[in-house]
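Report on the structure given below.
The values are calculated or read from the model by the stated rules, or taken from the named source; none is laboratory data. Quick caveat: nothing in here was measured; it's all calculated off a predicted structure. Here the Cβ positions follow ideal geometry from the backbone for every residue, glycine too, while neighbour counts run over all protein chains shown.
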Amino acid sequence: MQDIKTLDELAKSADYSFVETLSPDPDATSDGVDYEPREVFRGHYVPVKPTPIKNPIYITHSKTFFQELGFSDDLATSEDFMRMFSGDTSHLKEPLRRIGWATGYALSIYGTEYYEQCPFKTGNGYGDGRAISILEVVLKGKRWEMQLKGGGRTPYCRGADGRAVLRSSIREFLAQEHMHALGVPTSRSLSLYVSKTETVRRPWFQNGSYSRDPEVMIEEHVAISTRVAPSFLRVGQLELFSRRARKSEHPKAMQELEMIVLHLIDREYSDVIDKGLPLEEKIVLLAREFRSRLTSLVADWIRVGYCQGNFNGDNCAAGGFTLDYGPFGFIDMFDPKYQPWTGGGVHFSFLNQPQAAERNFAMFCKSLEPLLKSHKQQTEQLDKIMNDFPKVMQAKMMQMWSAKLGLTAFHPTLFQELMKLMIASSVDYTIFFRELSHIPEDISTLAKSFYGDCVYDKTLMKRWSEWLKMWRLALNTNTQKDREKRSSEMKKVNPKYTLREWFLVPAYQKAQQGDYTLVHELQEVMTNPYEEQSNEIAEKYYKEKPAELFDIAGVSHVSCSS
């Protein structure tokens with residue numbers, strides 16, 4: 001198959017299953033100009049026309065993803081492709097559509113339903129405030145939905161401007177492709193365009209500030225990144241329709257819940273759930289499969305040192321992959337309570353992510369319950385699947401920690417002592433596990449991952465030496481060949497490079513001045529995170545966080561995505 005070189009060629013693969021299968025808001029405008037905050041009472045989506053950014057220029061695209069999709073690299077800089085994916089759909093011809101769609105969803109935080117964040121206090125005004133899907137395609141047998149982040153206002157914008165700034169757009173663009181390269185299920189990045197002339201004001205921090213809250217308003221260029229996934233269905237969407245069904249908010253509420261659950265199965269689980277099964281059996285299989293995906297995902301997050309920061313139900317993809325790179329962060333110094341978002345608290349912190357996932361999964365199961373009202377056996381099965389989540393999560397975590405340590409089985413004593421030592425020594429999470437992957441003879445190489453001067457603590461260093469000796473015995477690698485093989489396996493799960501915030505800051509600062517060289521460099525480095533790469537790259541990106549950057553606002557913590 002030849003590469004797709006033009007938008008007309010891409011159009012042949014268009015297949016808008018979401019809008020063709022599900023129900024539009026009956027109160028929506030016919031022209032898609034529906035930008036004022038309002039309550040949306042019914043329907044699965046609101047037809048919305050994106051608002052183009054002014055005078056867009058190309059920054060980058062994902063060459064890796066373009067290749068997977070079968071796109072020519074030249075497509076990213078072609079005029080009609082740039083227009084479409086910077087928000088201008090006015091030129092599109094059938095089968096492409098000029099009107100996109102935005103979706104509503106409910107908000108739950110750590111398993112508690114909320115309505116207050118909705119401007120109407122009803123939950124009917126919460127949803128995609130600046131994300132507008134504009135295309136669904138089937139390419140090489142796979143379905144993809146393409147969504148503009150920062151594509152303008154929707155009825156869910158809650159009075160905001162519907163824009164994303166260059167800073168957050170660069171972060172999300174790079175993070176998605178980095179996570180994919182790390183082997184972690186994620187939404188993907190297609191393209192990134194910035195306006196030469198359009199800016200918005202956003203709250204941010206003063207340079208060198210230690211503040212936890214933004215202190216100043218700054219002018220930032222607007223940008224549009226296109227993110228891509230098999231679907232953008234979220235736990236929060238199922239919650240919204242389930243709440244409406246439970247309360248009988250309108251005559252078709254239960255039907256709309258059933259429709260979106262069946263659409264989720266079709267979009268994300270058709271390979272594992274037989275279409276001919278009764279609905280109640282499909283629901284049980286859906287819950288079991290989502291549990292498997294979600295537990296694997298969270299174990300992967302912790303494996304690579306990623307913290308979602310804001311893991312609400314509406315930020316939890318029902319397909320079981322990473323979605324919404326807002327206040328995320330990759331951990332530097334190991335801290336079980338690491339949290340990059342000032343508003344996230346301990347409940348969304350690094351090693352509490354399994355518990356946060358459990359709460360989201362409980363909300364997912366609760367959302368399915370109305371459809372099983374007359375099916376006692378399947379209701380009991382659903383309850384058991386939900387209640388067994390901690391057991392399944394723990395098993396996945398044990399497998400993950402074993403793999404990081406190069407062990408064939410989980411070793412509780414070794415692991416517990418390691419956690420204590422890592423905290424006591426303030427280790428750099430990524431560097432420590434990468435150095436351990438070399439299976440060192442002594443602690444001298446591991447010590448390069450220690451922050452501070454704990455190497456002078458003789459008692460602590462003795463404990464490290466004893467732990468290393470015990471670990472090497474548990475490895476049971478008796479020959480050099482065995483050690484080399486185990487080392488190679490460990491390096492495949494312990495990345496050398498992760499996308500730390502203090503790498504991102506200079507990249508988006510330079511980009512604000514029109515210099516995208518660091519963006520391109522990070523894109524190259526972070527899409528090869530397990531490779532050793534050059535000495536020059538290692539010196540620049542394989543090192544501890546500088547002491548002067550700890551606790552600095554906008555580097556060590558962020559307030560929210562803007």
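Screening Phe433, Phe410 for residues that are buried (at least 18 other Cβ atoms within 10 Å of the Cβ) and within 30 Å of the chain's Cα centre (by Cα) leaves exactly one candidate, Phe433. Answer yes if at least one residue in the stretch 82-91 is in a strand (DSSP E or B) and either in the same structural domain as Ser195 (by TED's automatic domain parsing) or touching a residue at least 12 places away in the same chain (Cβ under 8 Å) (or both), and no otherwise. There is no residue in the stretch 82-91 that is in a strand (DSSP E or B) and either in the same structural domain as Ser195 (by TED's automatic domain parsing) or touching a residue at least 12 places away in the same chain (Cβ under 8 Å) (or both). Take Pro56 and tell me if it is surrounded by 15 or more Cβ atoms within 10 Å (Cβ to Cβ) and either out of contact with any Pro (no Cβ under 9 Å at 6 or more places or on another chain) or closer than 28 Å to Leu192 by Cα (or both). Answer is yes for this residue. Looking at the stretch 134-141, can you tell me whether even one residue there is crowded, with 24+ Cβ neighbours inside 10 Å and either of a type outside the set (Ser, Thr, Tyr) or modelled with pLDDT of 95 or more (or both)? Yes, that holds for at least one residue. When the helices (runs of 4 or more DSSP H) confined to the stretch 219-314 are screened for residues that are without any contact (Cβ under 8 Å) to a residue 40 or more places away in the chain, those reaching at least 2 such residues are found at 253-268, 279-304.
Quick one: Gly343 ticks every box in (1) modelled with pLDDT of 95 or more; (2) more than 17 Å from the chain's Cα centre (by Cα); (3) outside any helix (DSSP H, G or I); (4) not acidic (Asp, Glu) except a single one, so which number is it? The one condition Gly343 does not meet is (1).
For every residue, the table says whether it meets (1) within 30 Å of Tyr16 (Cβ to Cβ); (2) hydroxyl-bearing (Ser, Thr, Tyr).
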site: Tyr126; (1), (2): yes, yes
site: Ile134; (1), (2): yes, no
site: Ser169; (1), (2): yes, yes
site: Thr199; (1), (2): no, yes
